[in-house]
Amino acid sequence: MSSKKTLILNKEQILQKSKRIAYQIIEDNFDEPTIVLVGLADRGYVFAERLQKILKEIAPDKTFELIKVTVQKN
């Protein structure tokens, strides 16, 4: 098994994709005054936080709520 890492997206590409996702959320929920973002702990929540920041820049007139979901493994 090779230990060589492959870069899928660089920092700029991740930001570009995140902005596109944010714009799509706004377009699909244009009439909604509040949009709820749900992130699966841990990394999903981190992404939801980043997305919330972008969304607030794009649509400062809307409210964006953030919810963290934790799955308990037995």
Rounded to a whole number, what is D in µm²/s for the range 1-40 from Stokes-Einstein with the Kirkwood radius over alpha-carbon pairs (20 °C, 1.002 mPa s)?
-> 167 µm²/s
Ignoring any ligand, DNA or RNA, what whole percent of the accessible area of the range 13-74 comes from carbon and sulfur when the probe is 1.4 angstrom?
-> 51 percent
Can you find, among Gln24, Val71, Ile35, the residue farthest towards the positive end of the dipole of the range 19-74? Put +1 on the C-beta of Lys and Arg, -1 on that of Asp and Glu.
-> Val71
Compute the acute angle (0 to 90°) between the alpha-carbon long axis of helix 43-58 and the principal axis of greatest extent of the alpha-carbon atoms of the chain; round to the nearest 10°.
-> 40 degrees
Between the helical axis of 11-28 and the dominant principal axis of the chain, each derived from Cα atoms, what acute angle in degrees is found, rounded to the nearest 10?
-> 30 degrees
Distance (nanometres) between label positions extended 7 Å along Cα→Cβ at Gln24 and Ile67 = 2.1 nm
Express the accessible area of the chain per residue in Å², computed with a 1.4 Å probe while the remaining protein chains stay in the model.
-> 88 Å²
So for the chain, Kirkwood radius off the Cα pairs, Stokes-Einstein at 4 °C and 1.567 mPa s: how many µm² s⁻¹?
-> 93 µm²/s
Amide H partners (placed H, <5 Å) of Leu40, local residues excluded | Tyr45, Val69
Would you work out the charge dipole size for the chain about its Cα centre, treating the Cβ of every Lys and Arg as +1 and the Cβ of every Asp and Glu as -1, and quote it to the nearest 20 debye?
-> 660 debye
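The values are calculated or read from the model by the stated rules, or taken from the named source; none is laboratory data. Values in this document were obtained by computation on a predicted structure and should not be read as measured data. Quick reminder, even Gly has a Cβ in these numbers, built from the backbone with ideal geometry, and neighbours come from all protein chains shown. Quick note on the areas: whole protein, heavy atoms, side chains included, nothing else; ligands and nucleic acids left out. Shrake-Rupley method; radii C 1.70, N 1.55, O 1.52, S 1.80 Å.
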